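K.L.:
Can you read through this structure? Questions will come right after.
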Amino acid sequence: MTTPSPSPETTIRRPTEGLITLAHVIYAVHAFSALTGLASSVLVLTAFLTGWPSIIAVILNYAKRSEVRGTWLDSHFGWQIRTFWYALLWLVVGGMVFFTFVGIPVAIVVWVLTGLWVLYRIARGWMTLSSEKSMPLPAGQKADPSRSLS
């Protein structure tokens, strides 16, 4: 008689309450940093990427990622890390376009849209975390059974 292999849903370990709280705190720190940009004359994007709160939050993501590996929180940590690095990429792209002078309006549009995207990612991730669900995997990435969700 063959024993059926467990489905990925049954092999995912439950994260500790402390790690769930930490994920909430990291979303809050990212949100604080981004919202600082709305409250000042600085763009959301630059406040998000250059503000100490977001830099500290992404460092926490990397420092604690091994502890959430194999839980549904791993997808949230990956979501937060990708949000930070893609936002940085678009900040640099906008900066390169900005220095062409003709591209100043284009750069501003890129930065504003990226800032809105950052706010969306924080809100969507935090709401999904509150529901204790994992974030979707990036396109083309499949769940690795040895890592569960990444």
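The values are calculated or read from the model by the stated rules, or taken from the named source; none is laboratory data. Please read all numbers here as calculations on a predicted model, not as lab measurements. Cβ coordinates were reconstructed from backbone atoms using ideal geometry, including for glycine residues, and neighbour counts include every protein chain displayed. Please note that ligands, DNA and RNA were not included when accessible areas were found on the heavy atoms of the full protein model with its side chains. Shrake-Rupley method; radii C 1.70, N 1.55, O 1.52, S 1.80 Å.
K.L.:
Given a 1.4 Å probe and heavy atoms of the protein chains only, how would you sort Phe101, Phe32, largest accessible area at the top? List each step's numbers first, then the result.
P.N.:
Working: Phe101 155, Phe32 135 Å².
Result of the area sort, largest leading: Phe101, Phe32.
K.L.:
If you stretched the chain out fully between Arg82 and Trp117, how much longer would it get, using 0.36 nm times the residue separation minus the C-alpha to C-alpha distance? Mind dumping the intermediate values first?
P.N.:
On the way: separation 35, 0.36 × 35 = 12.60 nm, distance 1.21 nm.
My answer for the length gained is 11.4 nm.
K.L.:
Could you tell me the accessible area of Ile122 in Å² (1.4 Å probe, neighbours in place), rounded to the nearest ten?
P.N.:
Counting only protein heavy atoms, the figure is 10 Å².
K.L.:
If you don't mind, there's one more thing I want to ask. Amide H of Ser134: which non-local residues (sequence gap of 5 or more, or other chain) have their own amide H closer than 5 Å, using H built in the peptide plane?
P.N.:
none
K.L.:
Let me ask another. With θ set to phi - 60° and the Karplus curve 6.51 cos²θ - 1.76 cosθ + 1.60, what are the ³J(HN,Hα) couplings of region 15-21 in order, to the nearest whole Hz, using x for Gly and Pro?
P.N.:
These are the phi-based 3J(HN,Hα) values: x, 6, 4, x, 6, 5, 4 Hz.
K.L.:
Kindly state, to the nearest 0.05, the FRET efficiency for Arg65 paired with Phe32, given R0 = 25 Å and r defined as their beta-carbon distance. Walk me through the numbers on the way to the answer.
P.N.:
On the way: r = 21 Å, r/R0 = 0.85.
Approximately 0.75, to the nearest 0.05.
K.L.:
For region 84-95, take each phi angle, set θ = phi - 60°, evaluate the Karplus expression 6.51 cos²θ - 1.76 cosθ + 1.60, and give the result in whole Hz per residue in order, putting x for glycine and proline.
P.N.:
Those phi angles translate into 4, 6, 5, 5, 4, 4, 6, 5, 5, 4, x, x Hz.
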